[in-house]
Amino acid sequence: MNQDFDRQAFDRLAAEWRYVITDMICRAKSGHLGGALSLVEIVLTLYWRIMRVDPKAPKWKDRDRLVLSKGHAAPVLYVALAYQGFFPKSWLKTLNEDGTRLPSHADARFVPGVDMTTGSLGQGLSCAAGAALAARMDDGDHTVFCIIGDGESDEGQNWEAAMFAAHHGLDNLVAVTDYNRLQIDGFTEEVMGLEPLADKWRAFGWQVFEMDGHDWEDIYTTIREAQAVKGRPAMILAHTIKGKGNLAVEGRPESHNIKVPDAEAYAKYMGALVERDFELPYC
Amino acid sequence: MALHDNEMRAVYGMTLNQLMDENRNVVCLEADLSKASGTNPRVVEAHPDNFVNAGVAEADMIGVAAGLASEGKIPFCASFTCFASRRVYDQVTISVAYANLNVKVVGTAPGVTAGPNGGTHMSFQDLAIMRVMPNMHVYSPCDVYELRAVLRHMAAAIQPTYMQLIRPKVPAVFDESYTFDPESAVRVSRGDDITLVSTGYMTHFARHAVEQLAGQGVSVDHLHYPSVKPFDAATLVESAARTDGVVTVENQNILGGLGGAVCEILSEQRPTRVKRLGVPDQFGEVASEEYLFEKHGFGVRHIVQACRELAGKV
């Protein structure tokens, strides 16, 4: 469902998503807020301006795929899919409830529109490479997108997948690193240094791009350039801010997984949103 | 040349080629052990577009297979049992079984058949650790006829599966008429004094033991389980009720695999004396099969002895 770009409308929608995501996680009493908020503009751009999808046909063969390898950021994907119409927005308030269809980590078994079940870090890029290989075997012309975390990049399997995708020249694979520079135990460069990250991906045979992961035009033009690369996979290092738009967590290591034990904490996180004059779509 | 004149791995490659001839969605994945698995040059030459080498990167091979399966492909991923099971345990658990994707994992050179590669490569735990994984089926065919039938079933069934693949030539237990049903044990021979349960590589040794026991006046109900999961409990319970004693033998640790499955079922459904033969919770080592059978007590003579003791016919 590609829409014409209207900056004001997109800004407003992104702010609404941050409001909804924060509410979902607060209702669940805990969750991975920071890494979901850092991806809002990227996921919104993918589903509203880039990806070929049909909410009425979630398994449509010619659709573009998205593997959210950092599966703990599922709330941003669930919001995107609900707002696209893959399932009712009322589901969103059930995040992590007993018997829910929306578990904390992205789940293709229960959620229409989720293309791959993820959650154990480091596995999604291999799965995306497999999906891209299948597309090539079947002469498909769609793109397989994959979003990995920067902390997740510590996992060695990413680099196995990096070799594989380059070796097989999977130019229908476009990966994005959510480079917010924070992981659970602290700053990425302190826990396990990634730099020079762009050089690493280049050395592995990928075409590397960098973008401001919160700038609408930069996101759109960079992803389109990455899709146009021939003969090799593309990696976009998206410079983002973890917890973006919620001042209780923005840029802070503790944003990774927040605990919301009571009404006071709920009020703190909702009150710290930069924009909060929204109606929840499920109350 | 009869099918059983071939090595098991040759039949693996030949059968994959036949499956690919019938269905272009069947894909063969390897992690730099394609010659050892029997798919190189067979599959490489016959179906180059359906052959994918992931290099020495088993975790990536499983992930790629999951991605292929999510798109309707039917990937068969082979490596030595140690790498196809324990090395990729989380990848198989999450990207395959939990995600419920139609990936076939093939562990080659199971147990003592890893001989010269020794302790690092000799896995006695794969049946156990794969069996406790929800959604997984776990198979261990004993000869070429069963292997071929199992592979045909795997290609047709949408079902995450782990299968042990013996590589060398092994004596035929069955013939061209063999059909595979994962829900059914195969009664290799009928008897009333003792139940003998075997799977995979140990079944032809168990059959020799049954022949010797027959000469000694011991009548054995020999059940072969090509599928350790699902497990045909009814046949076991019916047999145990007649014989009142069960011996299990497997090319595995006695903990958690075939013997474990038998004990779980009998203790709940028909408490029966059981003797488990296999490796008593130890790692492998560089050694001949005969040495390992003697050391751990699960060769033909140990099967004979255990059956006689439990049958009270010493």
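The values are calculated or read from the model by the stated rules, or taken from the named source; none is laboratory data. These figures come from a predicted structure and were not determined experimentally. All Cβ positions, glycine included, derive from the backbone under ideal geometry; neighbour counts span all protein chains shown. Heads up: the accessible areas ignore ligands, DNA and RNA and are worked out on the full protein's heavy atoms, side chains in. Shrake-Rupley method; radii C 1.70, N 1.55, O 1.52, S 1.80 Å.
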Calculate how steeply helix A:124-137 sits against the longest principal axis of the alpha-carbon atoms of chain A, using the helix alpha-carbon long axis, and give the answer as 0 to 90 degrees to the nearest 10.
50
For the protein assembly as shown, what is the accessible area per residue in Å², given a 1.4 Å probe and the full set of protein chains?
36
How do A:75-82, B:90-97, B:4-11, A:26-33 rank on mean C-beta neighbours within 10 Å, highest first?
A:75-82, B:90-97, A:26-33, B:4-11
Förster radius 35 Å - calculated FRET efficiency between residue A:210 and residue A:265, Cβ distance, rounded to 0.05
0.45
Quick one: divide the alpha-carbon radius of gyration of the protein assembly as shown by 2.2 N^0.38 Å and tell me what you get.
1.09
Any idea what log10 I(q)/I(0) is at q = 0.19, 0.23 Å⁻¹ for region B:1-78, Debye with uniform C-alpha scatterers and no solvent?
-0.74, -1.03
To the nearest 20 Debye, how big is the dipole of region B:186-311 about its Cα centre, given +1 on the beta carbon of each Lys and Arg and -1 on that of each Asp and Glu?
180
Tell me, how many Å apart are the Cα centres for region A:190-216 and for region A:141-171?
12
Buried accessible area for the A:B pair, summed, 1.4 Å probe, in Å² rounded to 100?
2000
Consider a paramagnetic label point 7 Å from the Cα of residue A:230 along Cα→Cβ; state which residues of region A:129-149 have an amide N under 17 Å from it.
A:141-142
Which lysines have a Cα lying under 22 Å from the Cα of residue B:313, excluding residues fewer than 8 positions away in the same chain?
B:275
If one builds a Gaussian network model of chain A from Cα atoms under 10 Å apart, the most fluctuating residue listed among A:209, A:145, A:110 is A:110
Based only on Cα atoms, what mean projected area does the convex hull of chain A have, in nm²?
13.5
List, by residue number, every residue in region B:59-76 with a reduction of 40 Å² or greater in accessible area between the chain on its own and the complete protein assembly, 1.4 Å probe.
B:60, B:64, B:68, B:71, B:73
What is the total of Lys pairs in region A:5-104 with C-alpha atoms under 25 Å apart, excluding same-chain pairs fewer than 8 positions apart?
12
Give or take rounding to whole Å, what are the principal axis extents of the alpha carbon atoms in region A:85-226, in descending order?
45, 43, 32
With viscosity set to 1.306 mPa s and temperature to 10 °C, compute the Stokes-Einstein D of region B:186-311, Rh being the Kirkwood radius across alpha carbon pairs; µm²/s, no decimals.
112
Of the heavy-atom accessible surface of chain B (probe 1.4 angstrom), what whole percent is carbon and sulfur?
50
As a test of the definition: which semi-axes, in Å, follow for chain B when you take the square root of five times each eigenvalue of its alpha carbon gyration tensor? Largest first, please.
32, 19, 18
If you take the charge dipole of chain B about its Cα centre, with +1 on Lys and Arg Cβ and -1 on Asp and Glu Cβ, which of B:249, B:135, B:272 is farthest toward its positive end?
B:272
Rounded to the nearest 0.05, what FRET efficiency do residue A:190 and residue A:279 have when you use their Cβ-Cβ distance and R0 = 41 Å?
0.50
Segment residue B:135-residue B:24, length gained on full extension (0.36 nm per residue, minus Cα span):
37.4 nm
Using the C-alpha gyration tensor of region B:3-165, what are the square roots of 5 times its eigenvalues, in whole angstrom, with the largest one first?
20, 19, 15
Reduced to Cα centres, the span from region A:31-110 to region B:132-167 in Å works out to 35
Within the accessible area of region A:46-139 (1.4 Å probe), percent carbon and sulfur
51
Which one of A:39, A:182, A:133 has the biggest mean-square fluctuation once chain A is modelled by GNM with Cα springs under 10 Å?
A:133
How shielded is A:157-170 by partner chains, expressed as the average number of their Cβ atoms within 10 Å of its Cβ atoms?
4
In a Debye calculation with equal point scatterers on the alpha-carbon sites of region B:195-237 and no solvent, what is log10 I(q)/I(0) at q = 0.17, 0.22, 0.23 Å⁻¹?
-0.48, -0.72, -0.77
Assuming a viscosity of 1.306 mPa s and a temperature of 10 °C, what translational diffusion coefficient in µm² per second does Stokes-Einstein assign to region A:1-148, Rh being the Kirkwood radius over Cα pairs?
103
